[in-house]
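What follows is one structure encoded as structure tokens, with my remarks underneath.
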Amino acid sequence: MGDFSTAGNGDNLPPASPKLPIPGKRNILITSALPYVNNVPHLGNIIGSVLSADVFARYCRLRDYNTIYMCGTDEYGTATETKALEENCTPKQICDKYHVIHREVYKWFDISFDHFGRTSTPQQTEVCQAIFKKLWENNWLSENTMQQPYCETCKKFLADRLVEGSCPTPGCNYDSARGDQCEKCGKLLNPTELKDPRCKVCRNTPCIRDTDHLFLELPLLKDELEAYVNDLSVAGGWSQNAIHTTYAWLREGLKPRCITRDLKWGVPVPHEKYKDKVFYVWFDAPIGYVSITSCYTTEWEKWWKNPENVELYQFMGKDNVPFHTVIFPSTLLGTRENWTLMKTISVTEYLNYEAGKFSKSKGVGVFGNDAKETNIPVEVWRYYLLTNRPEVSDTLFSWVDLQAKLNSELLNNLGNFVNRVLSFIAKDPASGYGSIIPNPEGAESHPLTKALGEKVGNYVEQYIEAMEKVKLKQGLKIAMSISGEGNGYLQESQFWRLYKEDKPSCSIVMSTASGLVYLLACLLEPFIPSFSREVLKQLNFPPETQLSLSDERGDIEKSKRPWHILPAGHKIGIPTPLFKELKDEEVEFYREKFAGSQAERNLKAETEARKITDQLNKAKISDANKKKERATKSSEAKAKGSASVEAEISISRLDIRVGLITRAEKHPDADSLYVEEIDVGEAQPRTVVSGLVKYIPLEEMQNRKVCVLCNLKPASMRGIKSQAMVLAASNSDHTKVELVEPPKDAAIGERVTFPGFDGKADDVLNPKKKVWETLQVDLHTNEELVACYKDLPLTTSVGVCKVTSISEGSIR
């Protein structure tokens, strides 16, 4: 469903059977801002338009709306000419090179375009010139003489992007503002407004000369534009940032907008006087949506000139708003033709990178090809960018945050739920269901299951409401809440006990849980489609299985009865873990690797390569004795190093995890001991024996999150083997004991860490080395009731671990 495709590998041949609007159905036309072709897209570009639009397109297909998603590379203009100068080639060669790079990046990111085209096509020229002629015939264009920078050294007028200087906006003063827009403050500019202007090619100061140009008379179209904006901004639920920007333009008063440029690389102006000029890229680029659709189907007008039957949704970053809410609709209104105008615009703020800002021009941040070359799967990248989507304000990409979301949300929540369910069903019939979905007979009268069905049904309705309003981050959060409900359902049902004591109830629970697994694959398909494909594979459904959230098929109603989603008797496939933990050392590696700009990284790589080459050139062949001597010394050094590492006792060697006590009871042979079953994120709960009977009532031990030390060597306590230890704090005279508790929202199985201490925990602490005993003396609670090692808090991804009332207590 919705596989990535480009017709003819970007040769713009239409597909064999393009989709056309269908009477009586919802026909959705989706575009994302055309990425400029002078560089590789970075993660900010990807989440800002292409990925966000893909999520909505996939959602619309799930809902069985008749949907097409159009995009392509924006190829004309100054930036392409500038890049061609830098790389000593023609603009056409630059476009060919980067179009392929963009297409491959988006293919890796699972972007499901119906067509990914380009603007340097005959179709673009045809559509663009036809729109121009209509505007000319309808008297919406004017001629004017304007002053433009002219470079005496390069012997040509300088287009906006070939001029740089200081931004004239008060309080900004950015010294690398372009002639068309300041990248720092976002203000649209004319090149003559720049302070201290310079030619981008030769760096000399240009002079100012007169040149004639054509202008779109926006003031004459203001009333029609305002009526359109007032209507559709409400009916279409525009993003607040889009509404704010658009009305700011209208309040300031619209001005005639130049639509021509003194360039060679672009759509030629079909007018004798201006035949040596081309259209300004921001006049011609939005028209690219139309021309790319015309490459997809010769019947493109059924999409673009059919406002009664087609809804147009457009996705972009905030710097593109005025071109789509003011200039492009004014252009279309001026033709007096029946164009499909944008119904809904979804706009993102900026995604910043670590301590700075993503920048294509400066090469700062993680770029699409960088993500592809890491070992981090595409579903993790998509999930992280979408949970961090800057919908109402700028957000920050950080490697530590990506690690936390992967490990706690994808691995410990979603992956843990799916794997627990399918692994249990896949067990042999003596301890599971032999890979067969059991019969959920009696589910309608099973209170826990019926309550879950009502909750899940409500969540699905909320999910649809959010997605219809293009609240993508909210939709993803709701879907993930269903995974959390699934984990809670498993814990509360205690299915592992039911299997032994009440198998019909266990069958209801496992049938329901497996239905939730399928439902999650459906709800999350727009966000992480590769995850959904893998889940379908593990459920043993064919790759061509069409996931659906269609009203006509009753899918929404079915979600309220998850025990009926999968048929009893269906045989599942082979369960395998869906996500892999991202280690601290990997995070540090990526932070270092992607620090600075691309140019700095390349220089560093070249320097390292030269160093290695020099070392190899200097190396001399040693005789056998020297080799032997080195080998002996190396072995001794390794042995010494190993001893040194073994001797180092660090808090990072403790494997402390967030656990949930699923059952607690008194030890049958010891009055002072409890026996608990604790879920620490593994396939089976751990059995733990604790001496807490005289301090904590039994009812307070039930269904409670705790901090669990998981790598102590198991020990038998009165005939029951304890596989871990619950951390508790006591006061100075040991008359009061309280459990150390993680935050309520901490994920089960998440590792509790200590700021500044990164490292892998021991598999099992060696009791002879007294690691726990050495570290335990520095574990305590502080005045704020925070559990600490020395002065460092026990930390989870959602906060620190605390006790209820014991300050300055010892933890053991």
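Each reported figure results from applying straightforward, stated rules to the coordinates on display, with no laboratory input. All values reported here derive from a predicted model rather than from experimental measurement. Positions of Cβ are generated from backbone atoms using ideal geometry, with glycine treated the same way; all protein chains shown enter the neighbour counts.
Going by how many other Cβ atoms sit within 10 Å of their own, how do I528, I565 line up, fewest first?
Fewest-to-most ranking of I528, I565: I565, I528.
Ranked by Cβ crowding within 10 angstrom, fewest neighbours first, how are D175, D655, D733, D284 ordered?
Sorted ascending by nearby Cβ count, the order is D733, D175, D655, D284.
Can you give me the distance in nm between label points at Q684 and K184, each placed 7 Å from the Cα along the Cα-to-Cβ direction?
6.3 nm
Ignoring everything except DSSP H segments at least 4 long, calculate the 222 nm mean residue ellipticity for the chain; use -39,500 (n - 2.57) per segment, divide by total residues, nearest 500.
Rounded to the nearest 500, it is -11000 deg cm²/dmol.
Once you sort the root eigenvalues of the Cα gyration tensor of the stretch 320-444 as a ≥ b ≥ c, which label holds: rounded (a/c under 1.5), prolate (a/b larger than b/c) or oblate (the other case)?
Here the stretch 320-444 falls in the oblate category.
Could you give the dipole magnitude of the stretch 219-288 about its Cα centre, charging the beta-carbon of Lys and Arg +1 and that of Asp and Glu -1, in debye to the nearest 20?
320 debye
Take T374, project a point 7 Å from its Cα along the Cβ direction, then tell me which residues of the stretch 37-57 have their backbone nitrogen under 19 Å from it.
40-52
Less than 12 Å apart at the alpha-carbon level, and either on another chain or at least 8 residues along: which aspartates and glutamates does that give for K770?
E646, E648
If you average the sequence gap of Cα pairs under 8 Å that are 6 or more apart and divide by the length of the stretch 398-564, what percent do you get for the contact order?
Once divided by the residue count of the stretch 398-564, the mean separation gives 26 percent.
Using Cα pairs under 8 angstrom and six or more residues apart, how large is the relative contact order of the chain, in percent?
11 percent
Ranked by Cβ crowding within 10 angstrom, fewest neighbours first, how are M717, M725 ordered?
Placing the least packed residue first, the sequence is M717, M725.
If we count every other residue with Cβ under 11 angstrom of Q723's Cβ, Lys/Arg +1 and Asp/Glu -1, where does the sum land?
0
Compute the Cα gyration tensor for the stretch 651-811, then decide on rounded, prolate or oblate, letting a ≥ b ≥ c be the square roots of its eigenvalues: rounded whenever a/c is under 1.5, prolate when a/b is larger than b/c in the other cases, and oblate in all that remain.
It comes out rounded by the Cα gyration axes.
How many percent of DSSP beta bridges within the chain run antiparallel, rounded to 5?
For the chain, the DSSP antiparallel bridge percentage is about 75.
Tell me whether the stretch 142-235 comes out rounded, prolate or oblate; compute the Cα gyration tensor, take square roots of the eigenvalues as a ≥ b ≥ c, and use a/c under 1.5 as the rounded threshold.
The shape class here is oblate.
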